[in-house]
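Peer 1: I'd like to ask some things about the structure below.
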Amino acid sequence: MTDITITALPAAPLHVFEIWSNPAAVANRFETALGRSLPVLGRALQLPAMRLIRYEPAVWLVEGEATGLAEILGSDGSLTAIGGGLVRVRLRGADWRSLLMEGGVFDAESKTFAPGCSAATVIDHINVRLFVESEDVCLAYVPLSYAHDMIHFWTVAAKALP
Amino acid sequence: MNGPQRGGVAGTIRFSFDGKPLLARPGDTLAAALLANRIGLVARSFKYHRPRGIMAAGVEEPNALVTVGTSGRSEPNTRATDVFVYDGMVARSQNRWPNLSFDVGSVLGLAAKALPAGFYYKTFFGSAKRWMFYEWFIRRAAGLGDAPTAADPDRFSQRAVFYDVLVVGAGPAGLAAALAAAEAGERVILVEQDSVLAPSLVRDPQDLDPAWAEATAARIGELGGRILLRTTAAGYWDDNLITLSQRLAEPGEPPAGGIAQRLWHVRAKRVVLATGALERPLAFAHNDRPGVMLSQAVRTYVRRFGVVPGQRVIIATNNDDAYLTAAALRDAGAEVVAVLETRPAPAGASSGFTVHNDTMPLTTNGARHHLREVSARVDGKIVRWQADLLAMSGGFTPVVHLHMQAGGAALDWDDASQSFLPGAARQNVVSVGAAASVAPVGPTPPPENPAKAFIDFQNDVSLGDVDLAWAEGYRSVEHLKRYTTLGMATDQGKTSNMAALGRLAEKQGVAIPEAGLTTFRPPYTPVTMGLLAGRIERDAGAHLRRLALFDVHQARQPIWQPLGYWQRPRAYPQGAETLAEAALREGRSVRTAVGMTDVSTLAKFEVSGPDAVQQLELVCATTVGKLAVGRGRYTFMLREDGLVFDDGTVWRLAEDRYLLTSSTGGADRMAVHLSYVRQFLCPQFRVSVVNVQEHYAGIAVAGPTAKAVLAGLIGEEVPRHMSAVRASIAGIPVLVLAASYSGERAFEVYAEASLAEPVWNACEAEVTAQGGCLYGMEAMEFLRIEKGHLVVGGEIDGRLTPHDLALDKMLNKAGGYIGAAGLTRPALTAPGRRQLVGLEAIAGTIPEGAMLVTAPGQPADGHVTAAALRVLESGSIALGQLVDGFARHGEELIATSPTRNQSAAVRVVAPHFYDTAGERYRD
């Protein structure tokens, strides 16, 4: 019996947080304001009301309350809303790693892909961002237009995992 | 003589072969079950329809090809030795008519002398058409099983995994290698094509207790290793990527878990090949008769399946291993009449069997399609033995296929075993066990009648055919293979290649390694098309993108249209309306009242930052910097060569924040282009470019009363044409852009996609109240063609300049945009270029895509890019590209489509058929 539950979460505020100049200064302002460093590539920062996932070298995905981030960026970057275009899908259960290998190309079964890690990959030709919330939970950020098919694919695949 | 027998309890699994109901035991292969049911005749050979039985016990079986399953699940050319019987299995023999025992096609065997290797090339001369005639007969006279015509009802999975070590083959060597790696803390995957671990230990328990295999596997599992049975490593690719074919259901069997097969893509840091070795047959006359089997296969049937394939047995061998078979048969109650030993005395002397040294079979005779007699020359005299089983062993061939697929730099020749062993490897791969070393063999004397001494049983190739190819000048082993068909089909030379190479080397007068090798290509064993092309669900891997408002549209029962990667409403028919009727009604509503449509799929990018305008003025060929906040304009983009590749609108939303829209179909390309400019051309820009295509759902409201609709919705003054305002509809924040693609006053309303449904509903209610309706892609196409708006992929096809499209007046006169330099090339302004024109039908309906010619038979001067009916008036109109089109207004041409046998007389006109002054945009 496969141990996995696939749930599409309600829409949430999502923003792109991009730095175009003075990254060190922005990082300092961020740390001063929030008491934590900006996460490095492949990692995420979880704060009580906000999660930051590094997307690209100078781009982070911000989930949740983004108030105050524009001030931190100042004239060194910008914040752009993108929440309407992504569906958050929660994969809960011991088999989420195995599920992500179906139609996938990324080693989600590696122990190094641990809680707090993030990744960008392609699953069944759909671009998906992943965040390991805990050993039993992974969040996938799926483009809205593909979310229905992605969830259906996972639902079917979950029934026949090896 | 009794032929195959099985003692003990009867089987409990029901299956059928050629319609005859039979019983099998759990764990039986089809081959074992057939033998247990005393069925020795299983197939007819490919070319001569010779009766064939079961020769092997694994994937190397060349003879016993059957079709398993029914309808869409039927799987032809399945080796009876590589399919496990399940309840209800339906198996059928192939390439015979009217039945297996009496096959009319076997007359071809009588004409074998007239059908030698390469007979096609010698016989079927003449034109290609004649070959089509010949082929019809050849296809019916020779061949394998028939591919099913019904759709395969099963699902297939593709899966990626990453491991430190992949071990191929779960025999003793493979299990030991996997255990060692697992104990060293490595991530291990071990795959075995059989349904049991270490099948060789079941066959030869004297080597090691089979329980060891189970215990070892359990330990590997405890250490986190994965073991897959019924899984074949079918292909070895670069960077230690190995593809595995896993059977979750047997051929023809309805899969219990919904998925029939799984294709694994394994990335391994290291690969261990424990693929074992295959036994070679001996070449002597009529060695293909049912009842002539490989020695280890016989032992497998006896020890693993409890089936004794014969009661009076001749053993023929050039090595020690066959004596184990003799002992197994003796222990099972069979009589080993004689051992024909090619090696000189004292080989076999201590075996306890009657051994004739320096001897090998001369020929066999049969009755009722089964072995009856074996003869050999013993001490110069021909001796005949009554026998129903001949177990032969010509030595062993290590399975080096994967090693060579991996780019094996070489194979090392081992004279003692007369076999190739894995040499240096170019990837991190090592071979172990019998794949790396096999026992020595003695000499194998050539047969006295090579014409009937088969080496490739599946393709009916005898040593005589090799001799013939040599005599006809075929020297290269690759040519030999193609001329004789040796080593082709499901067999891939598993049991034949070494014999052929040996014969070729003998002819060449060289050692076998010097005779050359054929290319090792994946897959080594057959994989089904379903495994490669099958999907877990119908659209898996090729999903159509859904609109955010998909459910809203679906409730209105539109005709859906795939457009790019998207699924979009084409029209919303009412009652029994056809597509054309619905589209015209919808278009007329837009022209006379109001209509609304979903434009969410447009590419959209938010460009922000102090250098946003510089970024946009690089990408857009029009001016951007002069836009006031709240204003927008039409724009288009050029490639570096100066040709137009996309168009859209650009809006200044705030002092340093812009929204750029472009075509749906070019959205991904535009995203790449913007990234290229941002990251590569101008990394110094202080700008952020964010793809918000999916963030916003878009609704276009167009028509003479669109302004009234919008005013009612936002409760404030609507923006003038090419202006933007932020407002709210149904309590949802929206961005309203006054832009038109229809020729009417129109607005695009953008809301966050997850919040868009109430906005749509509010708009629809207001539109309906104003006497309007929804419209789809078809009406949109009519409207935009009539107005002369361009579409990417139609008029903008990457071949025309701004001038060709009559856009040059909009170019940024200051230059500086991408493509500006390319535009200065003389060729782009030379006469003879295709240019945008309008076309109106003089008679008939203009076929879309038609060629534009001056007279029938003349070369095309251009083509119709898009055609439509006039929305309010009658008549057929179109847009097109025409050589020197600007100067040809008024000229009459023919729009002709030979492929559809359609044509229409057309007049070249300006590409604007409606409101040429643009007055309807303005209030």
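Just so it is clear, none of the values below were taken in a lab; they were calculated from the coordinates. These figures come from a predicted structure and were not determined experimentally. Virtual Cβ from ideal backbone geometry, glycine too; neighbours counted across all protein chains shown.
Peer 1: Taking a cut-off of 29 Å between Cα atoms, list the lysines near B:Lys813, but don't count ones fewer than 8 places away on the same chain.
Peer 2: Straight-line reach from B:Lys813, under 29 Å: B:Lys604, B:Lys626, B:Lys787.
Peer 1: Something else now. Taking the C-alpha atoms of segment B:278-395, how large are the radius of gyration and the largest Cα-Cα span, Dmax, in Å?
Peer 2: Answer for segment B:278-395, Rg first and Dmax second: 12.7, 39 Å.
Peer 1: Can you give me the three principal axis dimensions of segment B:831-923 from its C-alpha atoms, in Å, biggest first?
Peer 2: The principal-axis extents, from largest down, are 49, 31, 18 Å.
Peer 1: So which lysines can B:Lys494 reach, going by Cα to Cα under 20 Å and dropping same-chain residues fewer than 8 places off?
Peer 2: Output for B:Lys494: B:Lys47, B:Lys452, B:Lys481.
Peer 1: What size of dipole, in debye to the nearest 20, comes out for chain B about its Cα centre when the only charges are +1 on Lys and Arg C-beta atoms and -1 on Asp and Glu C-beta atoms?
Peer 2: 1340
Peer 1: Can you give the three extents of the C-alpha atoms in segment A:1-70 along their principal axes, from longest to shortest, in whole Å?
Peer 2: 51, 23, 20
Peer 1: Among the DSSP beta bridges whose two residues both lie in chain B, what percent are antiparallel, rounded to the nearest 5? Can you show the working numbers first?
Peer 2: On the way: 132 of 178 bridges.
Of those bridges, close to 75 percent are antiparallel.
Peer 1: I've got another one for you. How big is Rg to Rh over segment B:331-427, alpha-carbon atoms, Rh as the Kirkwood inverse-mean-distance radius? Spell out each step's value before the answer.
Peer 2: Working: Rg = 18.7 Å, Rh = 16.4 Å.
Dividing the radius of gyration by the Kirkwood radius yields 1.14.
Peer 1: Kindly provide the helix-only [θ] at 222 nm of the protein assembly as shown, computed as the sum of -39,500 (n - 2.57) over DSSP H runs of four or more divided by all residues, to the nearest 500 deg cm²/dmol?
Peer 2: Working: 27 runs with 234 residues, N = 1085.
Helix-only estimate at 222 nm: -6000 deg cm²/dmol.
Peer 1: Convert each backbone phi in segment B:67-72 into a coupling constant with the Karplus relation 6.51 cos²θ - 1.76 cosθ + 1.60 (shift: θ = phi - 60°), then list the ³J(HN,Hα) values in order as whole Hz, x for Gly and Pro.
Peer 2: Whole-Hz 3J(HN,Hα) from phi for segment B:67-72: 9, 10, x, 10, 6, x.
Peer 1: Now a separate question. What are the extents of the Cα atoms of segment B:5-114 along their three principal axes, in Å, largest first?
Peer 2: Sorted largest first, the three principal extents are 48, 33, 25 Å.
Peer 1: Also, I was wondering about something else. Which of the listed residues, B:Gly88, B:Val355, B:Gly58, is farthest toward the dipole's positive end in the protein assembly as shown, when Lys, Arg count +1 and Asp, Glu count -1 at the beta-carbon?
Peer 2: Highest projection toward the positive end goes to B:Val355.
Peer 1: Let me have the relative contact order for segment B:867-923, percent, based on Cα pairs under 8 Å that are six or more residues apart. Walk me through the numbers on the way to the answer.
Peer 2: Details: 44 pairs, mean separation 12.8, N = 57.
Relative contact order for segment B:867-923 comes out at 22 percent.
Peer 1: I need the P(r) histogram for chain B: all alpha carbon pairs, bin width 10 Å from 0 out to the longest distance, whole percents.
Peer 2: Taking all Cα pairs of chain B, the binned fractions are 2, 10, 16, 16, 12, 11, 12, 11, 7, 3, 0, 0 percent.
Peer 1: I've got another one for you. What does the charge dipole of the protein assembly as shown about its Cα centre add up to, to the nearest 20 debye, if the Cβ of each Lys and Arg holds +1 and the Cβ of each Asp and Glu holds -1?
Peer 2: Charge dipole, the protein assembly as shown, about its Cα centre: 1820 debye, nearest 20.
Peer 1: Got a sec? Charge dipole of segment A:14-83, +1 on Cβ for Lys and Arg, -1 for Asp and Glu; which of A:Ile82, A:Leu41, A:Ala58 is way out at the positive end?
Peer 2: A:Leu41
Peer 1: Which number comes out as Rg/Rh for segment B:603-691 once both Rg and the Kirkwood Rh are worked out on C-alpha atoms?
Peer 2: Numbers: Rg = 11.7 Å, Rh = 12.7 Å.
A ratio of 0.92.
Peer 1: Something else about it: Please report the antiparallel percentage of DSSP beta bridges with both residues in segment B:278-395, rounded to the nearest 5.
Peer 2: On the way: 12 of 28 bridges.
Of all bridge pairs located within segment B:278-395, approximately 45 percent are antiparallel.
Peer 1: In vacuo Debye scattering of segment A:59-140, one point per C-alpha: log10 I(q)/I(0) at q = 0.16, 0.17 Å⁻¹?
Peer 2: Once normalised to I(0) and log-transformed, intensities are -0.69, -0.75.
Peer 1: Sticking with this structure for a sec: Charges at C-beta only: +1 for Lys and Arg, -1 for Asp and Glu. How large is the resulting dipole of segment B:646-707 about its Cα centre, in Debye rounded to 20?
Peer 2: Details: 6 positive and 6 negative charges, 30 e Å.
The dipole of segment B:646-707 has a size of about 140 debye.
Peer 1: I would also like to ask the following. To one decimal place, what Kirkwood hydrodynamic radius in Å is obtained for the protein assembly as shown from all pairs of distinct Cα atoms? Intermediate values should be presented prior to the final figure.
Peer 2: On the way: mean 1/r = 0.0291 Å⁻¹.
Evaluated on the protein assembly as shown, it is 34.3 Å.
Peer 1: Normalised by the residues of chain B, what does the relative contact order come to in percent, with Cα pairs under 8 Å and at least six apart?
Peer 2: Numbers: 2210 pairs, mean separation 77.3, N = 923.
Contact order relative to length: 8 percent.
Peer 1: Another one. Residue farthest toward the positive end of the dipole of the protein assembly as shown, with Cβ of Lys/Arg at +1 and Asp/Glu at -1: which of B:Phe457, B:Leu710, B:Leu201?
Peer 2: Checking the options against the dipole of the protein assembly as shown, the answer is B:Phe457.
Peer 1: If you bin every alpha carbon distance in segment B:266-331 into 10 Å steps from zero, what whole percent lands in each bin?
Peer 2: Calculated over all Cα pairs of segment B:266-331, the distribution is 17, 44, 21, 11, 6, 0 percent.
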